[in-house]
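Read the figures in this text as sums done on the coordinates, not as results from a lab. Predicted model, so just to flag it, every value in this text is computed and none were measured. Neighbour counts are summed over all protein chains in view; Cβ atoms, including those assigned to glycine, are modelled from backbone coordinates with ideal geometry.
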Amino acid sequence: MFDFLIKTFVKDYQNKDDEKVRERYGKFSGAVGIVTNILLFALKMTAGIVFHSIAITADAINNLSDSGSSIVTLVGFKLAGKPADEEHPYGHARIEYLSGLIVSSVILIVGFQLVQSSFDKILNPQEADFSMLTFAVLILSILIKIWQGLFYKKVGKTIGSSAISATAADSLNDVFATSAVLLGLLITYFTGFNLDGYMGVIVAVVIMITGVRLIMETSNPLLGMAPSKELVDAIYEKIISYDGILGIHDLHVHNYGPNRRFASVHCEVAAEQDIMVSHDIIDNIERDFLKDNGIHLVIHLDPIVTGDERTNELKMQVGELIRNISPKIGMHDFRVVWGTTHSNLIFDVSVSFDFPLRDAELTQRISEEVSKLDPSYYVVLTVDHDYVPTEEIR
């Protein structure tokens, strides 16, 4: 059924990497959420008012907030599809994250208000009336929410949307919340012990927990997240596959929204190679990444002397002693300024952000080890931080 709906309402649905098609997916999922959640709100609110149940009323308001979330999602995808302009040269795709943050905040506020209402019902209990219609409404709600959650999950996975995937998790959480309400009603029906207010508290707490979790998830992309290890590895492997590229380092990836990635990297080439040849290689890599991967890549060219045997031998020795300190330290941009009284060894090392030694401690440790090779060697070191640990000296 999911495939039928997508094929029917999402034009050119197979071209999911196209920004326009991705926008259609987002707007359609928002429309589905609005329709289904308003339907659930109307059913539950009617049942809650007629049968004086704060738990069902709380669950109904939760569905109303979900419909508001769907509206924000729909508007967010529409605005995120706007092209770049003078004030926003990187486009508007991050609006999708902002819409998710707004939705998460609304969910948290609604949950807090429902906690207050439910506690009031516990302190001032009111006899609730139940009927088979009440149970039928809740069972129907659970089935619709399961369908809705699976639908969101499929769409979120198809277009790689963290906002829609979070909405899928929220829908499946609602299944547990409504099930708790149903369980409370059954216990009340068969035992006579009124759990209505307590079930309202449980639903409200679930809503608040969901709101906090979604705030954290939607805030991370806005703060700036590290790219996945899979993406970093793919970038490294593709660049190093080009003839003439000797090494790669200082990769930085910036995310300005789904499918809006910009990156920069340093590529090492032989200093003896014609500069026009090296420049042509760099141009080809940048064009290929934009065409094949949708990444706007900017490459800094680092010329490396490869014909000096004395420097190459010293580079191998320094690389070995660094490997002995930790195999997860990378080395690059190695060069030597030879002198009569002392020689400067100028190079960079790269470590992960969670490396146990601080930059100053690592610099001192490497300097001490290099001085053991020859006291006249002076180390001029820069410490870089990579997204993922380096497994070998580059």
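For D384, the residues 5 or more places off, or on other chains, whose built amide H falls under 5 Å of its own are V349, S350, V351. Close amide H partners of I295, meaning residues 5 or more places away or on another chain with modelled amide H under 5 Å apart, are L290. In the elastic network of the chain, a GNM with C-alpha springs shorter than 10 Å, the most mobile of I164, I61, I281 is I281. Considering the dipole of the chain built from charges on the beta carbon (Lys and Arg +1, Asp and Glu -1) around the Cα centre, which of Y378, G30, V50 is farthest to its positive end? Highest projection toward the positive end goes to V50.
Rounded to the nearest Hz, the phi-derived 3J(HN,Hα) couplings of the range 20-25 under the Karplus curve 6.51 cos²θ - 1.76 cosθ + 1.60 (θ = phi - 60°) are 5, 5, 4, 5, 5, 4, where x marks glycine and proline. The distance between label points at Q116 and H300 comes to 5.3 nm (points 7 Å beyond Cα on the Cα→Cβ vector). Apply the a/c threshold of 1.5 to the C-alpha gyration tensor of the range 31-182 and tell me whether it is rounded, prolate or oblate. Here the range 31-182 falls in the prolate category. Charges were assigned to the Cβ only: +1 to each Lys and Arg, -1 to each Asp and Glu. The resulting dipole of the chain about its Cα centre is roughly 1900 debye. Contact order for the chain, expressed relative to its length and based on alpha carbon pairs under 8 Å spaced 6+ residues apart, stands at 13 percent. Simple point charges give the picture: +1 on the Cβ of Lys and Arg, -1 on the Cβ of Asp and Glu, and for the range 2-223 a dipole about the Cα centre of about 500 debye.
In order along the range 283-299, phi translates into HN-Hα couplings of 4, 4, 5, 4, 5, 5, 5, 5, 6, 8, 10, x, 9, 7, 9, 10, 10 Hz, rounded to whole numbers, per the Karplus curve 6.51 cos²θ - 1.76 cosθ + 1.60 with θ = phi - 60° and x for Gly and Pro. Largest GNM mean-square fluctuation across V203, V212, V181, computed for the chain with C-alpha springs under 10 Å, falls on V212. Rounded, prolate or oblate, given the Cα gyration tensor of the range 229-386, with a/c below 1.5 counting as rounded? Since a/c reaches 1.5 but b/c is at least a/b, the shape of the range 229-386 is classed as oblate. Restricting the range 304-364 to trypsin sites (Lys or Arg not before Pro) that sit in a DSSP loop and have at most 13 other Cβ atoms within 10 Å of their own Cβ leaves R358. Hey, if you put +1 on the Cβ of every Lys and Arg and -1 on every Asp and Glu Cβ in the chain, which of I239, I71, I102 ends up farthest toward the positive end of that dipole? Ranked along the dipole, the leading option is I71.
Can you tell me which of D120, D359, D85 moves the most in a GNM of the chain? Springs connect C-alpha atoms under 10 Å apart. With Cα springs under 10 Å in the chain, the top fluctuation among D120, D359, D85 is at D85.
Taking amide hydrogens as placed 1.01 Å from N in the peptide plane, the amide H of D302 sits under 5 Å from those of C267, E268, V269, each at least 5 positions away in sequence or on another chain.
Look at the Cα gyration tensor of the range 243-320: its axes a ≥ b ≥ c give a/c of at least 1.5 with a/b at or below b/c, and that counts as oblate. Given the alternatives (1) 1.18; (2) 1.37; (3) 0.98, Cα Rg over 2.2 N^0.38 Å as computed for this entry is given by (2). With both labels modelled 7 Å from their Cα along Cα-to-Cβ, the L290 to V277 distance reads 2.6 nm. Taken over the range 127-252, the alpha-carbon convex hull comes to 120 cubic angstrom per residue.
Karplus-derived 3J(HN,Hα) values for the range 50-58, using 6.51 cos²θ - 1.76 cosθ + 1.60 with θ = phi - 60°, are 5, 9, 6, 10, 5, 5, 5, 4, 4 Hz; glycine and proline are entered as x.
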